[in-house]
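Some notes on the structure that comes next.
The values are calculated or read from the model by the stated rules, or taken from the named source; none is laboratory data. Worth saying up front: this structure is predicted, and the values here are computed from it rather than measured. Positions of Cβ are generated from backbone atoms using ideal geometry, with glycine treated the same way; all protein chains shown enter the neighbour counts.
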Amino acid sequence: MKKLLLSTLLALFAHGVMAQNPPAPMPPPAGHAGRQGPPPHAYTDCQGKKAGDAISHATPEGKVAATCLPSPEGLVARPDQPPSRRDHSGAGNPPPSSARPQ
């Protein structure tokens, strides 16, 4: 009985400590250290363009199709496809059938 009580108290204590000290957040991906929001070149890619203009936007994955959209900081390039759905040519094709879940 004492072992059960001691185990229960220890588990409750450990749970309380973890609740007070949550794990540290994950570090940002490589090349994104401390940055939030679009990279600076997402704004320069849209200089001289209008909202809704289609452009080719440079990303770490290569050039991708994007659209210039308004933001509080000015026009910004937003890729037309999320990173997991676009290929390196910017055509926005889905991944090959071998990469799709069965």
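The table below lists the values:
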item: Among (1) of a type in the set (Gly, Ala, Ser); (2) at pLDDT 70 or above; (3) exposed (fewer than 10 other Cβ atoms within 10 Å of the Cβ) - the single one residue 71 does not satisfy; result: (3)
item: Matching residues in segment 39-65 - criterion: being over 21 Å from the mean Cα position of the chain (by Cα) and loosely packed, with under 13 Cβ neighbours inside 10 Å; result: 47, 48, 50, 51, 52, 54
item: Exclusive hit being modelled with pLDDT under 65 and of a type in the set (Lys, Arg), set 78, 86; result: 86
item: Criterion: hydrophobic (A, V, I, L, M, F, W, C), assigned to a loop (DSSP other than H, G, I, E, B) and modelled with pLDDT under 85 - qualifying residue of 24, 51, 19; result: 24
